[in-house]
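Below is one structure, written out as structure tokens; comments come after it.
The values are calculated or read from the model by the stated rules, or taken from the named source; none is laboratory data. Treat the numbers as computed from the prediction; the structure is a model and nothing was measured. Every residue, glycine as well, gets a Cβ built from its backbone with ideal geometry; the counts of neighbours run over all protein chains shown. All accessible areas refer to the heavy atoms of the entire protein, side chains included, with ligands and DNA or RNA removed. Shrake-Rupley method; radii C 1.70, N 1.55, O 1.52, S 1.80 Å.
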Amino acid sequence: MLKGKHIILGITGSIAAYKSAVLCRLLVSAGAEVRVIMTPLAKQFITPLTMATLSQHPILVDFFNPENGEWNSHVKLGEWADLYLIAPATANTMAKMATGVADNLLLTTYLSARCPVAVAPAMDLDMYAHVATQRNMNSLREDGVHIVEPGSGFLASGLVGKGRMAEPEQIVEAVKAILSEKKKSLEGKHFLVTAGATIEPIDPVRFISNHSSGKMGYAVAEALAERGAKVTLVSGRTSLPTPDGVERVDVLSAEDMWQECVARFEGCDGAVMCAAVADYTPCVVAEQKLKKGDDDMKIELRRTKDIAATLGANKGGRLLVGFAMETEHEQEHAKAKLSRKNFDFIVLNSLREAGAGFRGDTNVVTLIDKDNVEALPLMSKREVAHKIVDKIENLL
Ligand code: PMT
């Protein structure tokens with residue numbers, strides 16, 4: 001369940017930082033992508049080299065890289081993460097978090113994070129029991145921060161009591177529990193998702209299609225399933241594996257996709273139309289391979305049925321999300337599709353943006369509804385999918 005998850009591991013200045021190495025290793029070997037932020041003092045307890053090697057990425061400490069001036073954007077990090085885990089978290093860092101002090105990268109990232117945040121406190125027993133620490137921890141709980149309770153035992157001071165950072169294995173279990181809590185926000189909901197390109201046959205050998213790989217639609221299906229929704233993915237041809245927990249229905253042509261979607265929409269709470277569906281299909285499909293001659297050839301095409309418009313006309317109380325792939329007058333065309341197809345919102349991507357559209361792992365989209373236009377920066381298709389699902393959750 002940690003596969004592909006983005007986790008920021010924040011390390012503060014505590015002797016328990018030695019356990020962060022094991023923690024990082026456990027998260028990475030479970031398939032998570034880990035970025036480590038250390039406070040300046042944390043570097044005294046565990047070397048950046050150790051953490052960079054284990055996380056497979058450079059360590060972030062300062063607001064910018066002193067060697068080349070490159071900015072370490074706490075905002076981007078906060079947006080990137082599925083979870084921000086601070087382990088160990090000192091009494092000092094928790095006090096600053098509770099009051100909004102932002103005097104290092106670890107803390108500014110906390111204030112920017114939109115994902116769940118967890119802290120694993122580590123300190124001496126008296127510091128832990130102190131009324132100020134307990135007050136700060138209660139504030140953090142009220143702010144929605146998850147506390148991975150420390151254990152009791154032998155402490156670095158030589159005293160025995162509560163304050164030892166939880167063991168890395170326990171922290172990983174807590175991380176899994178927090179991420180699966182997030183998952184449940186769409187439990188009981190059923191979504192239809194279309195993805196990939198349709199194939200319109202000309203003869204047994206040739207066809208008309210487009211560049212869609214299915215990546216964007218598969219990411220949406222996966223994001224919905226991760227939040228507990230039942231997902232039926234009606235998929236054009238692609239080489240992608242089926243996301244975990246998703247029911248996949250393979251189709252070839254626009255007509256096949258229309259049939260499957262119309263039959264399945266009834267039982268759903270909503271649909272996300274990400275497929276690049278052919279607008280035209282050959283009027284006649286030759287039974288045998290067409291033989292080439294010396295003359296040019298014409299193929300007569302007829303319009304396909306518009307799946308999204310059909311669902312939009314019959315949507316009742318269901319939620320309908322569309323995509324628009326444009327090359328010019330982008331917003332104008334997208335807004336026209338929003339109302340023509342009766343979408344609740346539309347996800348605009350343009351071939352004029354670098355890193356957007358077909359095949360790649362990234363996209364640049366603008367979410368448009370009848371009142372708002374929200375332009376998002378370049379991000380992975382997985383992140384775009386989660387932004388779309390966030391908006392779906394808000395609308396439901
Ligand atoms: O698959 P990838 O390589 O990751 O690329 C992703 C993508 C670029 C294909 C995706 O992000 C995207 O933009 N999909 C929609 C492409 C498209 O066909 O847009 P459109 O503007 O032609 O269609 C508007 C909407 O109507 C879309 O929601 C489309 O799914 C739907 N439609 C269109 C025609 C039709 N006959 N039936 C439909 O349902």
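Brief remarks follow.
- Cα long-axis angle, helix 168-183 against the chain (0 to 90 degrees, to the nearest 10): 40
- Our helix-only sum for the chain, with -39,500 (n - 2.57) per DSSP H run of n ≥ 4 divided by its residues, gives a mean residue ellipticity at 222 nm of -10000 deg cm²/dmol.
- Total formal charge among the other residues, if their Cβ is under 13 angstrom from that of residue 240, Lys/Arg +1 and Asp/Glu -1: +2
- A simple spin-label model places pseudo-atoms 7 Å from Cα toward Cβ; at residue 375 and residue 114 they are separated by 1.7 nm.
- Net length gained if the chain between residue 394 and residue 290 were fully extended (0.36 nm per residue, minus Cα distance): 32.3 nm
- For region 6-182, the carbon plus sulfur part of the accessible surface works out to 56%, probe radius 1.4 Å.
- When 61, 272 are compared by accessible surface with a 1.4 Å probe, the order from highest to lowest is 61, 272.
- Across the alpha-carbon set of region 61-130, the Rg to Rh ratio works out to 1.03, Rh being the Kirkwood radius.
- Principal-axis tilt of helix 330-340 within the chain, Cα atoms, nearest 10 degrees: 70
- For region 119-163, the equivalent ellipsoid derived from the alpha-carbon gyration tensor has semi-axes of 21, 11, 6 Å in decreasing order.
- Over the chain: Rg over Rh, Cα atoms, Kirkwood Rh: 1.08
- Heavy-atom accessible area ranking, 1.4 Å probe, most first, across 74, 130: 130, 74
- Cα-only Debye scattering, region 6-182: base-10 log of I(q)/I(0) at q = 0.08, 0.14, 0.16 Å⁻¹: -0.21, -0.68, -0.91
- For the options 297, 127, 94, a Gaussian network treatment of the chain with springs between C-alpha atoms closer than 10 Å singles out 297 as fluctuating the most.
- Average accessible area per residue (Å²) across region 187-395 - probe 1.4 Å, nucleic acids and ligands excluded: 51
- Take region 1-118 with all the other protein chains still there, run a 1.4 Å probe, and you get 43 Å² of accessible area per residue.
- For the chain, the relative contact order comes to 11 percent (Cα pairs under 8 Å, sequence separation of at least 6).
- The angle between the Cα long axis of helix 131-142 and the longest principal axis of the Cα atoms of the chain comes to about 10 degrees, rounded to the nearest 10.
- Computed over protein heavy atoms with a 1.4 angstrom probe, the accessible surface ordering of 318, 141, 303, 248, largest first, is 303, 141, 248, 318.
- Projected-area mean, region 187-395, by convex hull of Cα positions, square nanometres: 12.4
- Region 187-395 - percent of accessible surface contributed by carbon and sulfur, probe 1.4 Å: 48
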